[in-house]
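Okay, structure first, notes after.
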Amino acid sequence: MLLSLNQKSPLSNGKRAGTVLLVEDDEDNAEFLRLVITTETHYDVLLMRSGRETLEHLEEIKVSNPILFLLDYHLPPTNALDLYNQMHATTALMHVPTLITTAGRISDELIRTLTQQCIQVIEKPFEIDTLLDCIKQAIDCAPRD
């Protein structure tokens, strides 16, 4: 199911600066991240619950023109890196910067691979300010069309 959560933030006076695609299978984590992003930034959140759901809704995602992918690393039935590669193979999405959150340990080799692809990893638990700084940095450093 495609969920577009467009809660208005007092920061934006009703005007949103773009959409963050959030892919998170844990309901509590998804709601927490959605709430932080919509209340502490000028961004909307488009929420997907799995890698499969995300791929099934690629056309809707392209139309939403996301400015950031925020992906949980462990996504049924795949992982964030595989999902990232599939989304970035789509011309309309290849420029979108990506942050990956993880509660588990990621190997040094995988960290190198992610770094080479300009993907930042945030280990859970993290501070809200850390998340917000990473979001701002990823969006600010993204290549412009």
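The values are calculated or read from the model by the stated rules, or taken from the named source; none is laboratory data. All values derive from a computational prediction rather than experimental measurement. Don't worry about glycine lacking a Cβ; one is built from the backbone with ideal geometry, like all the others, and counts go over all protein chains shown.
Being in a loop (DSSP other than H, G, I, E, B) and among the hydrophobic types (A, V, I, L, M, F, W, C) is the filter; apply it to segment 95-128 and report the residue that is surrounded by the most Cβ atoms within 10 Å (Cβ to Cβ). Among those residues, the one meeting the criterion is Val96.
Enumerate the helices (runs of 4 or more DSSP H) found wholly within segment 44-88, keeping only those where 3 or more residues are under 12 Å from the mean Cα position of the chain (by Cα).
Details: elements: 51-56, 58-64, 80-88.
Of the helices (runs of 4 or more DSSP H) lying wholly inside segment 44-88, those with at least 3 residues that are under 12 Å from the mean Cα position of the chain (by Cα) span 80-88.
For Ala92, the conditions (1) buried (at least 18 other Cβ atoms within 10 Å of the Cβ); (2) outside any loop (DSSP other than H, G, I, E, B) all hold with the exception of (1).
Cβ-Cβ contacts under 6 Å between residues 6 or more apart (or on different chains), taken from a first residue in segment 69-93 that is under 10 Å from Val23 (Cα atoms) to a second residue that is hydroxyl-bearing (Ser, Thr, Tyr), are listed as Phe69/Thr98; Asp72/Thr101; Tyr73/Thr102; Leu75/Ser50; Ala80/Tyr73.
Applying a threshold of 8 Å to beta carbon distances and a minimum spacing of six or more residues, or different chains, the list of pairs starting in segment 105-124 at a residue that is over 23 Å from Lys136 (Cα atoms) and modelled with pLDDT under 85 and ending at one that is β-branched (Val, Ile, Thr) and outside any helix (DSSP H, G or I) reads Ile106/Val121. Under 21 Å from Leu131 (Cβ atoms), of a type in the set (A, V, I, L, M) and assigned to a loop (DSSP other than H, G, I, E, B): does that describe Ile37? Taking the combined requirement at face value, the residue does not satisfy it.
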